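Some notes on the structure that comes next.
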Amino acid sequence: MGETVKVSPMRSKKCRDCGMIKPSTEFWKNKSSSDGLAYYCKVCFGLRNSRAYRKKQANLSKEARPYRRHSDVPEGMKYCPQCTEIKSVDEFGRNRASRSGLTHYCRPCHAKVMAENRNRKHGSARNYLLKHRYGLTEDQVGQMIADQGGMCVICLRSAAEQVDHDHRTGLVRRVLCFKCNGGLGQFGDDPERLRLAAEYLELEGSHARSLVLELGRPVFAGRRYLQEREWWRRVRPASGSREQHLRRRYGIDDADAHWLLTMQSGHCAVCFEFPAEHIDHDHATGAVRGIACSGCNTGMGQFGDDPVSLRRAADYLLGELVREMPSNEGAIRLSFTVPDVDPRRAAKADWERHREADGRHRRTIWVVDDDHEGPTWLSQCLKKIQDSYALMVEELAR
């Protein structure tokens with residue numbers, strides 16, 4: 001093996017191009033030369049490379065960039081070849097693949113170049129994202145939306161916009177609206193939690209039955225309760241900001257919230273799985289129903305506190321909502337309502353009627369005998385709760 005040539009920074013050398021004698025630090029290292037230095041100084045070396053680059057660009061009929069020395073960039077600054085400006089390194093993104101650890105272009109130029117590349121290779125940014133995330137093209141998603149009649153298959157009220165997929169398998173399911181897609185995520189894609197939420201909203205779950213046994217009504221408080229406690233609000237001042245919030249928004253105090261939490265054993269009134277955190281109430285009547293966990297409380301809001309959508313979402317996750325049916329033309333079409341309706345031919349004004357009929361159907365098939373006392377006892381219990389709540393609503397209306 002040859003001996004490594006060590007170059008002293010105090011030495012000097014004459015450049016063959018410019019003829020000037022310069023310090024050795026102004027020359028690149030070159031192991032093949034006798035003194036271990038390049039034949040040309042760094043400035044002349046750059047000019048030689050520049051001439052070669054310009055000749056190549058001219059042969060390709062392309063415009064060459066103006067010559068610029070890299071050493072002209074001050075410390076802490078970086079040159080952007082897109083906008084041809086020298087900027088602070090803080091204006092560049094991170095790129096571990098590059099020697100400097102920064103992107104080649106500044107942030108605005110980088111975003112612009114990436115967008116142009118996506119549009120050139122994939123047609124549009126949306127098409128790129130669909131391919132990257134779901135393996136679908138924009139045309140394929142458009143065909144899926146057309147097969148659904150343009151409607152979200154769960155709520156049947158909003159336009160289908162967002163592709164929904166199984167996060168465990170990565171398989172694409174259908175195209176949903178923004179709220180239904182977000183609601184599934186809040187419930188953790190759990191069909192059982194969705195069914196329990198539907199029963200909870202209809203005051204037919206075990207939490208409503210517990211309130212009936214404790215208070216004689218399926219909800220904790222309503223507007224009449226709030227009106228009766230107006231005098232109490234004036235006489236007894238709130239103990240803190242939390243109690244002020246509870247009184248102002250729900251008409252209850254810390255003692256009421258503590259009673260509810262104790263009655264629920266600290267668990268969510270909907271799923272009984274996660275800790276109870278948020279007071280849940282009916283926005284129409286003002287009735288406090290219970291204390292729910294963050295996921296159930298937010299998820300019910302995403303589905304618009306609608307039991308029909310919740311039950312349809314549960315069947316959707318189980319693969320029992322969307323079915324393939326033969327069309328009159330002999331092809332395959334989709335069906336996601338009972339009675340069966342061709343979504344391609346359904347008028348937008350008729351979806352609410354189809355939705356109500358489908359909701360009645362799914363409500364009858366998902367009655368669960370969770371107390372093992374038989375369907376007769378359960379139906380009688382549910383009827384008593386419904387009658388009690390109907391009387392309360394009538395009193396509030398009067």
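The values are calculated or read from the model by the stated rules, or taken from the named source; none is laboratory data. Model, not experiment: these values are computed from the prediction. Heads up, the Cβs are rebuilt from the backbone with ideal geometry, glycines too, and the neighbour counts pull from every protein chain shown.
Return the total of residues in region 207-222 being within 20 Å of CYS271 (Cβ to Cβ) and either polar (S, T, N, Q) or outside any helix (DSSP H, G or I) (or both).
Residues meeting the conditions: 4.
So how many residues does region 99-129 have that are under 24 Å from GLN162 (Cα atoms) and of a type in the set (Val, Ile, Thr)?
0
Restricting to region 295-334, name every residue that is in contact (Cβ under 8 Å) with a residue 60 or more places away in the chain, among the hydroxyl-bearing types (Ser, Thr, Tyr) and either farther than 25 Å from ALA357 by Cβ or surrounded by fewer than 18 Cβ atoms within 10 Å (Cβ to Cβ) (or both).
Of everything in region 295-334, just one residue is in contact (Cβ under 8 Å) with a residue 60 or more places away in the chain, among the hydroxyl-bearing types (Ser, Thr, Tyr) and either farther than 25 Å from ALA357 by Cβ or surrounded by fewer than 18 Cβ atoms within 10 Å (Cβ to Cβ) (or both), namely THR298.
Would you point out which residue out of LEU321, LEU334 is hydrophobic (A, V, I, L, M, F, W, C) and farther than 20 Å from PRO191 by Cα?
LEU334
Name every residue in region 250-281 that is farther than 15 Å from HIS207 by Cα, among the charged types (D, E, K, R) and in a loop (DSSP other than H, G, I, E, B), in order of residue number.
Result: ASP253, GLU277.
Could you check how many residues of region 159-205 are under 17 Å from the mean Cα position of the chain (by Cα) and aromatic (Phe, Trp, Tyr)?
Residues meeting the conditions: 2.
List the residue pairs whose Cβ atoms are under 7 Å apart, where the first residue sits in region 248-271 and is without any contact (Cβ under 8 Å) to a residue 12 or more places away in the chain and assigned by TED's automatic domain parsing to the domain that holds LEU203, the second is of a type in the set (Ser, Thr, Tyr) and surrounded by 15 or more Cβ atoms within 10 Å (Cβ to Cβ), and the two are 6 or more positions apart or on different chains.
none
Scan (1) outside any strand (DSSP E or B); (2) crowded, with 18+ Cβ neighbours inside 10 Å; (3) without any contact (Cβ under 8 Å) to a residue 60 or more places away in the chain for the single condition VAL113 breaks and write down its number.
(2)
Quick test for you: out of CYS152, CYS106, pick the one residue that is touching a helix residue (DSSP H, G or I) at 6+ places or on another chain (Cβ under 8 Å), surrounded by 13 or more Cβ atoms within 10 Å (Cβ to Cβ), touching a residue at least 12 places away in the same chain (Cβ under 8 Å) and over 30 Å from LEU317 (Cβ atoms). Can you show your working first?
Working: CYS152 fails: over 30 Å from LEU317 (Cβ atoms).
CYS106 is the lone residue from the list that is touching a helix residue (DSSP H, G or I) at 6+ places or on another chain (Cβ under 8 Å), surrounded by 13 or more Cβ atoms within 10 Å (Cβ to Cβ), touching a residue at least 12 places away in the same chain (Cβ under 8 Å) and over 30 Å from LEU317 (Cβ atoms).
Can you tell me which of ALA269, ALA276, ALA284, ALA347 is farther than 21 Å from MET151 by Cβ and surrounded by fewer than 19 Cβ atoms within 10 Å (Cβ to Cβ)?
The match here is ALA284.
Answer with yes or no whether LYS87 is among the basic types (Lys, Arg) and not assigned by TED's automatic domain parsing to the domain that holds TYR105.
When the stated conditions are applied, LYS87 does not pass them.
Per-residue answers, yes or no, for (1) under 22 Å from GLY319 (Cβ atoms); (2) buried (at least 17 other Cβ atoms within 10 Å of the Cβ):
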{"site": "GLU85", "(1), (2)": "no, no"}
{"site": "GLY93", "(1), (2)": "no, no"}
{"site": "LEU102", "(1), (2)": "no, yes"}
{"site": "TYR128", "(1), (2)": "no, yes"}
{"site": "ARG174", "(1), (2)": "yes, yes"}
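With respect to the numbered conditions (1) under 30 Å from ALA208 (Cα atoms); (2) at pLDDT 60 or above; (3) surrounded by 14 or more Cβ atoms within 10 Å (Cβ to Cβ), which one is the sole condition not fulfilled by CYS381?
All conditions pass for CYS381, except number (2).
Counting just the residues of region 69-92 that are modelled with pLDDT under 90 and assigned to a helix (DSSP H, G or I), which one comes out nearest to GLU26 (Cα to Cα)?
Going through the qualifying residues, I end up with SER71.
Please enumerate the residues belonging to region 161-172 that are closer than 16 Å to LEU321 by Cβ, surrounded by fewer than 20 Cβ atoms within 10 Å (Cβ to Cβ) and either in contact with a helix residue (DSSP H, G or I) (Cβ under 8 Å, 6 or more places away or on another chain) or in contact (Cβ under 8 Å) with a residue 40 or more places away in the chain (or both).
HIS165, VAL172
Mind checking whether some residue in region 72-79 is under 23 Å from LYS13 (Cβ atoms) and over 45 Å from the mean Cα position of the chain (by Cα)?
Looking for residues that are under 23 Å from LYS13 (Cβ atoms) and over 45 Å from the mean Cα position of the chain (by Cα), one finds at least one in region 72-79, hence yes.
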